[in-house]
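Here's the structure we're looking at; comments come further down.
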Amino acid sequence: MHSGDHHQAIWQELPEGLQPSDFALRRAFLLGRVRAGERVLDVGCGEGRFAQELARSGCTVSAIDVAEEPLRRARLLMPGLDARLVRAGEPWPLEDSSFDAVWAGEVIEHVADTAAWLSELRRVLRSGGSLLLSTPAHEPLTRMRMGISEGAFAERLNPLGDHLRFYTRSMLAGLIAEFGFEQVRVRAAGGLPGARRVLLASAVRRRY
């Protein structure tokens, strides 16, 4: 099954209007790092909740996703939204250096070809522009719990799940730095250590 078809099937099973996980936390992180008037790309936009918040804050927003169903929902939420379908592993239909900031909330863990994905993200971001992303955290207590609990291991590494990658703070920071970004900052936030936590990452596209 093509990646887009897989994600389309997942979205068709999800009821409409679900609030994204850690929404308030991630919204505060995102809106604290963009400014009115900036052009922002929402990568893996889902139903468009973060795109809506960005627009309310005065940003000009474009959105992409690999499945049509979330884009349909995003367009219903935000009529007139520049929302485009992209194919996994293929170049995005966007111009080079065309965004001041790129937001990818809970996306990188689903990506099969991480190198190609980060290369596209860097390509569409202007020199000195901001990369902002979130992904589930795999901290020491989380990894320890997975090692001693078969149930926790099976839940986190479910072979039928749609998470393909698993990140610690140092892994994520090192990966971002490898792809032409500087001022990389990654922190874990959310619930108690050992429970669900989220990594919040920011970086600046290196100037050339």
Report, by residue number, each residue of the range 57-88 that is surrounded by fewer than 18 Cβ atoms within 10 Å (Cβ to Cβ), of a type in the set (A, V, I, L, M) and either in contact with a strand residue (DSSP E or B) (Cβ under 6 Å, 6 or more places away or on another chain) or modelled with pLDDT under 95 (or both). A88
Residues being out of contact with any Asp or Glu (no Cβ under 7 Å at 6 or more places or on another chain) and closer than 21 Å to E16 by Cβ: count how many of those fall in the range 55-73. 9
Give me a count of the residues in the range 91-131 that are hydroxyl-bearing (S, T, Y) and within 21 Å of G58 (Cβ to Cβ). 2
Would you point out the residue of the range 163-186, among those that are under 15 Å from the mean Cα position of the chain (by Cα) and in a strand (DSSP E or B), that is modelled with the highest pLDDT? V186
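Every residue, every condition in (1) touching a Cys at 6+ places or on another chain (Cβ under 6 Å); (2) more than 25 Å from R169 (Cα to Cα); (3) among the small types (G, A, S); (4) without any contact (Cβ under 8 Å) to a residue 60 or more places away in the chain, yes or no:
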{"site": "R39", "(1), (2), (3), (4)": "no, yes, no, no"}
{"site": "G44", "(1), (2), (3), (4)": "no, no, yes, no"}
{"site": "R49", "(1), (2), (3), (4)": "no, yes, no, yes"}
{"site": "A67", "(1), (2), (3), (4)": "no, yes, yes, no"}
{"site": "A83", "(1), (2), (3), (4)": "no, yes, yes, yes"}
{"site": "P91", "(1), (2), (3), (4)": "no, yes, no, yes"}
{"site": "D96", "(1), (2), (3), (4)": "no, yes, no, yes"}
{"site": "A101", "(1), (2), (3), (4)": "no, no, yes, no"}
{"site": "G105", "(1), (2), (3), (4)": "no, no, yes, no"}
Test: S130 is farther than 20 Å from W11 by Cβ, in contact with a strand residue (DSSP E or B) (Cβ under 7 Å, 6 or more places away or on another chain) and polar (S, T, N, Q): yes
Among (1) farther than 19 Å from V198 by Cβ; (2) without any contact (Cβ under 8 Å) to a residue 60 or more places away in the chain; (3) of a type outside the set (F, W, Y), there is one condition I10 misses while meeting the rest; what is its number? (2)
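From the residues in the range 1-44 that are assigned to a helix (DSSP H, G or I) and among the charged types (D, E, K, R), which one is surrounded by the fewest Cβ atoms within 10 Å (Cβ to Cβ)? Don't jump to the end; show me each part of the working.
Our first condition is that a residue be assigned to a helix (DSSP H, G or I); within the range 1-44, this holds for 3-13, 23-31.
Pick out the ones that are also among the charged types (D, E, K, R) and you get 5, 13, 26-27.
On the way: D5: 11, E13: 7, R26: 24, R27: 17.
The selected residue is E13.
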Any hit, the range 11-19, residues being under 17 Å from the mean Cα position of the chain (by Cα) and either modelled with pLDDT of 95 or more or on the phi > 0 side of the Ramachandran plot (or both): no
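The values are calculated or read from the model by the stated rules, or taken from the named source; none is laboratory data. These figures come from a predicted structure and were not determined experimentally. Neighbour counts are summed over all protein chains in view; Cβ atoms, including those assigned to glycine, are modelled from backbone coordinates with ideal geometry.
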